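Handing you this structure, nothing more for now.
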Amino acid sequence: MKIGYARVSTQDQKLELQLDDLKKYGCETIFKEKMSGKNKTRPQLTKMIDQFRKGDVVVVWKLDRLGRSLKDLIELVSSFREKGVEFVSLKDGIDTGTATGRFTFNIFASLVEFEREIIRERTMAGLEAARARGRKGGRPPGLSKEALAKATSAKILFESGERTVKEIADGLGISRATCYRYIEVMNEMNKFKRT
């Protein structure tokens, strides 16, 4: 079964152009969404995925209708293929049901993996350089997510100058010594980020 997915980013935009082409291609069911592609949770997309059967084909007008980033597209289409569902993008000429379409899609997937590797290499090089200068990267040891949130708040409030350290500490439910330590830790982290 050919399943269409049409999306526009705002309520003001129209779906007609996409719908016409999807119907022309032979889509029997079309899921329509009016929300930004940045949203990871899109109700109609989720509903469509829940109804997949092996052998179905998902059809979109253009790649950017399915996802805003190449990484998101790769993840979605890979999950389709795991369920035995192929993917077609009409305007981009991609059809994972053909050898050429799979090849094109695999090139996209390789580019995403390459980008991830480059980012990882840069991060590692940055950490090495920082260590060579005597700095450590990452979250300071011993700070949980909650403590990190409090440390961030303490620094912002302290820098605003609107409250004393005692007032900040009382408001966050920590001691003054901890408040000073959190501010110092955040300053160290900021120095590391700038290098």
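The values are calculated or read from the model by the stated rules, or taken from the named source; none is laboratory data. Because the structure is predicted, anything quoted here is derived from the model rather than measured. In this analysis, Cβ positions are derived from the backbone assuming ideal geometry, glycine residues included, and neighbour counts consider all displayed protein chains. Accessible surface areas use protein heavy atoms only, side chains included; no ligands, DNA or RNA. Shrake-Rupley method; radii C 1.70, N 1.55, O 1.52, S 1.80 Å.
Conditions (1) open to solvent by 80 Å² or more (accessible area, probe 1.4 Å); (2) touching a strand residue (DSSP E or B) at 6+ places or on another chain (Cβ under 6 Å); (3) modelled with pLDDT of 90 or more, marked per residue:
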{"residue": "Lys14", "(1), (2), (3)": "yes, no, no"}
{"residue": "Lys34", "(1), (2), (3)": "no, yes, no"}
{"residue": "Lys54", "(1), (2), (3)": "yes, no, yes"}
{"residue": "Gly67", "(1), (2), (3)": "no, no, no"}
{"residue": "Lys71", "(1), (2), (3)": "yes, no, no"}
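When only residues in region 78-108 that are buried (at least 18 other Cβ atoms within 10 Å of the Cβ) and not hydrophobic (A, V, I, L, M, F, W, C) count, which is nearest to Gln18 (Cα to Cα)?
Going through the qualifying residues, I end up with Ser89.
Give the residues of region 8-50 that are touching a Phe, Trp or Tyr at 6+ places or on another chain (Cβ under 6 Å) and among the charged types (D, E, K, R), sorted by residue number.
Asp21
Please go through region 56-65 and pick out each residue that is among the acidic types (Asp, Glu) and at pLDDT 85 or above.
Asp56
Additional query: Pairs only if they're at least six apart or on different chains, beta carbon under 8 angstrom, first in region 155-166 and open to solvent by 100 Å² or more (accessible area, probe 1.4 Å), second of a type in the set (Lys, Arg) and not in a loop (DSSP other than H, G, I, E, B); list them, first residue then second.
Note: pairs meeting the criteria are Lys166/Arg176.
Given the conditions (1) over 17 Å from the mean Cα position of the chain (by Cα); (2) modelled with pLDDT of 90 or more, and given that Thr46 satisfies all but one, which numbered condition is not satisfied?
Every listed condition holds for Thr46 apart from (1).
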